[in-house]
């Protein structure tokens, strides 16, 4: 399945590409460094440069999506269909959230300025449940 996805995207199937796609499928919202660390467990000879290159190729080919939460490193995921993210401003936890209403793109700007819109990225910022609980109870002594 992973090999077929890579091939269908018009990319050559290589062991590092298969490893990166496998990591993304099991570890959504991973930074490039996190992907590299997990890929090292699969292919010990991988380099950070190779992983960055594969992530860029996957993003361009539509196999991966790059997400840039404010104040955090870029994150990558294999879920590329239209969706949004919930981000905890305290701990940085990220969770996917489906579009609430409409078709992709699920938002329509008031003025497209001549752009052909094909996607919208929305980030909902807030506090995750564990951070809310910690804020309510105060710091541990």
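The table below lists the values:
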item	result
Percentage relative contact order, the stretch 82-137, counting C-alpha pairs under 8 Å, at least six apart	44
Efficiency of FRET between residue 89 and residue 137 - r from beta-carbon atoms, R0 25 angstrom, step 0.05	0.85
Volume per residue of the C-alpha convex hull in the stretch 2-67, rounded to whole Å³	71
The chain: calculated mean residue ellipticity at 222 nm from DSSP helix runs of at least 4, using -39500 (n - 2.57)	-11000 deg cm²/dmol
Stretchable slack from residue 14 to residue 49, in nm (0.36 nm times residue separation minus alpha-carbon distance)	11.1 nm
Extension gain, residue 25 back to residue 41 (0.36 nm per residue minus Cα-Cα distance, nm)	4.2 nm
Diffusion constant of the chain at 25 °C, which comes from Stokes-Einstein with the Kirkwood Cα-pair radius and 0.890 mPa s, µm²/s	145
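FYI, it's all coordinate maths here, none of it is from the lab. Because the structure is predicted, anything quoted here is derived from the model rather than measured. In this analysis, Cβ positions are derived from the backbone assuming ideal geometry, glycine residues included, and neighbour counts consider all displayed protein chains.
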